[in-house]
Amino acid sequence: MSESRDKKDHLQISLRRFGLAFFKIGLTAYGMAILQQIKALIIGNKWLTRDEVEEGIAMVQFYPGPIMYNLATYCSYRFKGFAGAALATFLFILPSYLLILLLSWLYFGYGDIAWVRPLFLALEAMVVGVVMHVFLDFSVRHAADARGASVASLAFLLLLFKVNALLTILISLIVGIIFIIASGEKTAAKSGNTSEEAVIIPGKRSHRIAVIIIVGIIFVVFFLVGFLDHSQAGQLLFSMFKVGAVAFGSGFTIMPLLQQEAVLSHHWLTMKQFADGIAFGQITPGPFLITATFIGYKVAGVCGSVLATVGMFFPSFFYTIVVTEIYSRIKNNLWVRYAIKAIMSAFTGMLLFVVLSLGKVSLISPMAYIWAVGAFLTVRYFKMNLLWIFLIGIIAALVLFLAGFPIA
């Protein structure tokens, strides 16, 4: 793709049209469908080439944050610069934010109504089955060999003995790298094009660097405000900021850190409420980590929902625009690959801890086990979309309740 074509497209596509396209994705896409819709939008409109989008998919694995949100930020920054990235990512998460806000209001205001609570008991049990499926997938990918299994086991044991989740990641990272070095593994740079030519991004480089510095200052201010402000709002911002700043991968890999902050450290949610918040993140479109909005609403109402959402997603936004600028220089770095490998093994063990924690409070009756096993089998062997699993499960539970059968 030539620079002249990039500039031409940049001028032709209005920010309004560009932002609304991401709003539509945030309103309608779930799970991996987000990836397909982003690819169809960006490649279909020839805003970026297929190779550029696929390089972005590889890039967003390299740093913390929810992958689909990172990819949306990358594509919009590559094509429209900072202004496009800021608008597109805001509109991308806005629909799911508003939907979770509504569900949070209904849940905390009316969740104890006689016919509502049994539905959530079934929902919580289904969450256990789904998370168990995710844990098994992670085990195959990141803990299949002795080294990965050892790091995963270490992370699980550290959480079991109440070691802080962030410290658990750090210890697991160090141990994992030591294992890799001791094994003498040589992970060579990927074959193919290793050119360090900078990617083409709209705007002068000096202007982009200035913007990155400003956003970096905001990043530091968020950290300092959260660290120094010991009010409930300050703790909420800092907690979500920490999770968004250090957790790699999909929403499910970030879940152990959310559990640490919201349930174990601050006791903002019970484990049952945490399970319901996870389910809400699944049944609403857009990025799964919009569950942060649910946590924030519980802590401090609408204001808390905004703080939690910004705290969760802002680090990813900052990381993406920085890494996009330097990715061509770090993508084949051996140590980066070592670190990611160790971290993903650690998250596997942490996910097992989440499964056991959720199961302890959700699997309290034979019927609950039926809901959990049903969800597990449906997602693992029938590959049904999570949205449909939860919606069909809720409808089935409601029918059973109205018919007088126990559903939990």
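The values are calculated or read from the model by the stated rules, or taken from the named source; none is laboratory data. It should be emphasised that the depicted structure is a prediction, and the values quoted were computed from it without experimental measurement. When we count neighbours, we look across all protein chains shown, and the Cβ atoms used for this are built from the backbone with ideal geometry, even at glycine. All accessible areas refer to the heavy atoms of the entire protein, side chains included, with ligands and DNA or RNA removed. Shrake-Rupley method; radii C 1.70, N 1.55, O 1.52, S 1.80 Å.
So, in segment 60-70, of the ones that are of a type in the set (A, V, I, L, M) and in contact with a helix residue (DSSP H, G or I) (Cβ under 6 Å, 6 or more places away or on another chain), which residue ends up farthest from Leu289 (Cα to Cα)?
Val60
So which residues in segment 220-246 are open to solvent by 20 Å² or more (accessible area, probe 1.4 Å) and in contact with a Pro (Cβ under 7 Å, 6 or more places away or on another chain), if there are any at all?
Val246
Give Leu351, Leu398, Leu387, Leu358 a once-over and let me know the one that is within 21 Å of the chain's Cα centre (by Cα), in contact (Cβ under 8 Å) with a residue 12 or more places away in the chain and more than 27 Å from Leu159 (Cα to Cα).
Leu387
Would you mention how many residues in segment 368-397 are over 11 Å from Val127 (Cα atoms), touching a helix residue (DSSP H, G or I) at 6+ places or on another chain (Cβ under 7 Å) and open to solvent by 60 Å² or more (accessible area, probe 1.4 Å)?
Counting residues in segment 368-397 that are over 11 Å from Val127 (Cα atoms), touching a helix residue (DSSP H, G or I) at 6+ places or on another chain (Cβ under 7 Å) and open to solvent by 60 Å² or more (accessible area, probe 1.4 Å) gives 2.
Evaluate the following for Ile174: is it open to solvent by 60 Å² or more (accessible area, probe 1.4 Å) and more than 16 Å from Phe347 (Cα to Cα)? Explain how you work it out, then say what you get.
Numbers: open to solvent by 60 Å² or more (accessible area, probe 1.4 Å): yes; more than 16 Å from Phe347 (Cα to Cα): no.
Answer is no for this residue.
When segment 33-71 is examined, which residues are found to be outside any helix (DSSP H, G or I), of a type in the set (S, T, N, Q) and over 18 Å from Leu87 (Cβ atoms)?
Correct list: Thr49, Gln61.
Looking at (1) over 28 Å from Leu224 (Cα atoms); (2) outside any helix (DSSP H, G or I), which is the one condition that is false for Ala275?
(2)
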